[in-house]
1. From the residues in the range 306-319 that are assigned to a helix (DSSP H, G or I) and within 40 Å of the chain's Cα centre (by Cα), which one is surrounded by the fewest Cβ atoms within 10 Å (Cβ to Cβ)?
2. What's the number of the condition E53 fails, among (1) at pLDDT below 90; (2) surrounded by fewer than 17 Cβ atoms within 10 Å (Cβ to Cβ); (3) closer than 24 Å to A156 by Cβ?
3. Could you list, in sequence order, the residues of the range 26-35 that are in a helix (DSSP H, G or I) and either surrounded by 13 or more Cβ atoms within 10 Å (Cβ to Cβ) or of a type in the set (S, T, Y) (or both)?
4. Could you list all residues from the range 107-131 that are more than 22 Å from R27 (Cα to Cα), crowded, with 16+ Cβ neighbours inside 10 Å, touching a residue at least 40 places away in the same chain (Cβ under 8 Å) and in contact with a helix residue (DSSP H, G or I) (Cβ under 8 Å, 6 or more places away or on another chain)?
5. Filter the range 205-252 down to residues that are closer than 20 Å to H153 by Cβ, of a type in the set (G, A, S) and at pLDDT 85 or above, then give me how many there are.
6. Taking the conditions exactly as written (closer than 27 Å to K26 by Cα and of a type in the set (D, E, K, R)), does D161 satisfy them or not?
7. Kindly check whether there is at least one residue in the range 154-173 that is outside any strand (DSSP E or B), over 12 Å from the mean Cα position of the chain (by Cα) and loosely packed, with under 14 Cβ neighbours inside 10 Å.
8. Looking at the structure I just gave you, is E272 closer than 23 Å to R163 by Cα, charged (D, E, K, R) and in contact (Cβ under 8 Å) with a residue 40 or more places away in the chain?
Amino acid sequence: MIRPEDNQYAQTPVALVRYVLLAYEKRGRDPAAALRTAHIRPEQLHDARQHVEASQFERLCSVAMQELDDEALGWFSRRLPWGSYGMLARASISAPVLGQALARWCRHHNLLTDDVQWEVQRGSTHAQIRIVERHDLGELREFALLSLLRNLHGFASWLVDSRITLHCTRFPFAAPAHADLYARLFPGPVHFGAPVAMLQFDHAYLQLPLRRDGAALDQMLQRALPILIWPYRRDRLLSLRVRRLLAEPRSNHTADTLAEVLCMSPRTLYRELRHEGTSLQKIKDSVRSERAQELLARTSLTIKQISGEAGFASEKSFIRAFARWTGQTPQAWREQRRTG
């Protein structure tokens, strides 16, 4: 779901409202009462390009899930009764780290339905969460895959109290007319026409400890159905990701290029690093200092060569910076290490 107070998330395409109405049709039920509760007028539904307020869509989904007794809103061949996603959340909340919580969530979801199967894959640098479709999801396919990935990403972000930046999100269908919604919901590049639906992100997130407990889960479940999802503005791994990018061989990243890779504006990059108690300049200095000290200690490169390898335009500027970092010149630091 989407919090209406977040302006960029305050609009939901009518196309999604129509998907909820399809769920009613699939179950042979009348959606009129749900539409009235959400204050959505029938004439608003004629043009799929129109929008309703996110708060209206949230109320519609809340009523629909209860009236249809199906938290999956018709996506699957059998209902997921009221409380199913709360059960998945409770099964995950006691895990020590996010990776284990997601593994539990996916494993238990796979027990609830055979129509889709979740897979968690870990690589050397990236992690992926995939949805394998085992049966035809029909007209509700887009709604199902969009909602499943969005809810899992939001729940994962809530568990670790961190905006989990995505390397990419992929969907196995053509870009819909409301593709701009996807760019707002998923923080990172979104691709359509992929083999499977999936999220990809830095595997280091899997090691983050959970910052929520059962009491917090009870409060959260009372505010949204099945779970409340909202965009986090703080990424607890941001400084680590910036450091990795700057430490790449021959890296010449600027604030602009870093922000582009990290899918944010330079202004947001500066602000988020400040919230983490650091700055881009501090991280640059740390990376350069470590690189310079490694080269001084382990190679016979000249000071001038090392200054270039550490990203400095001149030997003099490197010597001044190194003295500021260590209180010594590069040559004195090298000699001390060799004689010590």
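1. S317
2. Going through the list (1) at pLDDT below 90; (2) surrounded by fewer than 17 Cβ atoms within 10 Å (Cβ to Cβ); (3) closer than 24 Å to A156 by Cβ, E53 breaks only (3).
3. Hits for the range 26-35 are K26, R27, A34, L35.
4. Scanning the range 107-131 gives A127, I129, I131.
5. Summing the residues that are closer than 20 Å to H153 by Cβ, of a type in the set (G, A, S) and at pLDDT 85 or above in the range 205-252 gives 1.
6. no
7. Checked against the condition, which is being outside any strand (DSSP E or B), over 12 Å from the mean Cα position of the chain (by Cα) and loosely packed, with under 14 Cβ neighbours inside 10 Å, the range 154-173 yields at least one hit.
8. No; evaluated as a whole, the condition is false for this residue.
The values are calculated or read from the model by the stated rules, or taken from the named source; none is laboratory data. None of the values given here were measured: they were computed from a predicted structure. Glycine gets a Cβ as well: all are built from the backbone with ideal geometry, and neighbour counts include every protein chain shown.
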